[in-house]
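Please read the structure below before turning to the comments.
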Amino acid sequence: MNRSSLPLGVNKLKKWWDDENRVLRCDLPFQRHTGAWSPITKSNLVWSILADSYIPPIVLLKDKSGVDERGKDTFLYNIEDGQQRLTNLFSFMDDGWTLHGATPVVEYDGFEYDLAGKKFSELPEELQSAISQYRFSVQCLENYTMQEAESLFFNINSGVALSAVQKSKAKMGTDLIQFFSGLLEGVFLTQAIHITEAQARREDDLLMLLQSALLLDNRHDGLEYKTISAAYCLAYAESIKGSYTEEKREILREAVRFLDAAFPAKNKFLRKNNVPVVAVMARVAQEQGVTPDSFRGFINDFASQEHPAYDEASGSGNVKARSVQMRLRMMFLAFCGYFGLEAGAVGKPFADTVPLDEGTQAAEPGEAAGSSEDAIPAAAEGGDGAGTALDDGTPCADVG
């Protein structure tokens, strides 16, 4: 196996990719499917290019394909490593997706630019040019065997630590992760929610979506749960593979579409602790004929008021079922009051077995965290970093 370097810019690579002869391709059987990256990860790639941050090399397999009219050898290139970087960047240059709302401001050539919420064509010309002319470090391998190529791929990708929610992708399977990935591309989960860089690296936007799906399953089908922690959601993701019906998908899909319409821009209340609760309440609002604009008005009003029981259930142990149900209960009762609805005549935000009037006053200190009987089942243990602080400095009990 021979190795060489190629000085290739993005424009050249994209030209090869778009060529009718597919000079650059990605059809190795051991590769991950295109589209595996989350919106924030894709956006961080664009930011890294403009910020001149480190980006790992692209590795291509180079094979002779024939000779041209001048008798010179022609070659085809298969992407060994860098599929996600290249395909997502090419798609961005075709205006295929919008930069995430959490994309940081970038400093380029002495000026600061706000990237959030922009497509490639909406960027200033100098930034478009910087992206198009960017040169990846490219390594080419020739005279290789497929066994050598496969071994190299797994060596390159080994040792990459995955969060619990990232592990859930493999548990769900291609069909289901493509469904969830489509929902993650909407305005609500790319522009409206507050998500830190550390949370984005763990793909906590997917976790919030899984938590929302779990809570909606509890509401509509009585699915029992002890917690909505990342580890528990990993077990949940495995359990719904092959059994997440079209009816369930449509319920979640409609809720997310409603939220896309209700929150076209960032909202300070839409933090990780609140998003799954808001998603369930969006479903309740739909059933009551509330418009997206009116629902946004309610959420803003709720955020401006004091809700001691809700706040208590948002502290330590906030992923435990009792705490989640308390937040749902308090927001539901406030929702009914805001819109003049009789709470008993409106479908509850959780399973029928959960009482609506339990503990509606602020919980006593330590009460909202739940008891030892709320322990995570064995199937969901061992992926949540229990007892440690996560890299964004938030206690593990608060982040799920």
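The values are calculated or read from the model by the stated rules, or taken from the named source; none is laboratory data. None of these values were measured; they are calculated from a predicted model. Every residue, glycine among them, receives a Cβ derived from its backbone with ideal geometry; neighbour counts consider all protein chains shown. With ligands, DNA and RNA removed, areas are computed over all heavy atoms of the protein, side chains included. Shrake-Rupley method; radii C 1.70, N 1.55, O 1.52, S 1.80 Å.
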Would you check which residues across the stretch 180-224 are outside any helix (DSSP H, G or I) and buried (at least 22 other Cβ atoms within 10 Å of the Cβ) and list them?
I193, I195, R202, E203
Would the stretch 25-44 turn up any residue that is outside any helix (DSSP H, G or I), modelled with pLDDT of 90 or more and among the hydrophobic types (A, V, I, L, M, F, W, C)?
no
Search result, residues across the stretch 63-80 that are part of a strand (DSSP E or B) and surrounded by fewer than 20 Cβ atoms within 10 Å (Cβ to Cβ)
D63, K64, S65, G66, V67, D73, T74, F75, L76, N78
Go through (1) without any contact (Cβ under 8 Å) to a residue 60 or more places away in the chain; (2) under 20 Å from M172 (Cβ atoms) one by one and return the number of the condition V256 breaks.
(1)
When you check A368 against the structure, is it in contact with a Lys or Arg (Cβ under 8 Å, 6 or more places away or on another chain), over 24 Å from D221 (Cβ atoms), of a type outside the set (D, E, K, R) and modelled with pLDDT under 50, yes or no?
yes
State the number of residues belonging to the stretch 225-243 that are in a loop (DSSP other than H, G, I, E, B), hydroxyl-bearing (S, T, Y) and under 19 Å from the mean Cα position of the chain (by Cα).
1
Which residues, counting only those in the stretch 202-235, are under 20 Å from R249 (Cα atoms) and among the small types (G, A, S)?
S212, A213, G222, A235
Could you list, in sequence order, the residues of the stretch 244-258 that are surrounded by fewer than 16 Cβ atoms within 10 Å (Cβ to Cβ) and not in a helix (DSSP H, G or I)?
T245
Residues being open to solvent by less than 60 Å² (accessible area, probe 1.4 Å) and assigned to a loop (DSSP other than H, G, I, E, B) - total across the stretch 95-133
16
Those residues that are modelled with pLDDT of 80 or more, in a loop (DSSP other than H, G, I, E, B) and open to solvent by 90 Å² or more (accessible area, probe 1.4 Å), I need them from the stretch 134-162; list them, please.
N143
Would you point out the residue of the stretch 284-312, among those that are of a type in the set (G, A, S) and over 25 Å from the mean Cα position of the chain (by Cα), that is most open to solvent (accessible area, probe 1.4 Å)?
S304
Yes or no: the stretch 259-266 includes at least one residue that is out of contact with any Asp or Glu (no Cβ under 6 Å at 6 or more places or on another chain), outside any loop (DSSP other than H, G, I, E, B), open to solvent by less than 10 Å² (accessible area, probe 1.4 Å) and not acidic (D, E).
yes
How about the stretch 70-109: which of its residues are under 27 Å from R25 (Cβ atoms) and small (G, A, S)?
G71, G82, S91, G96
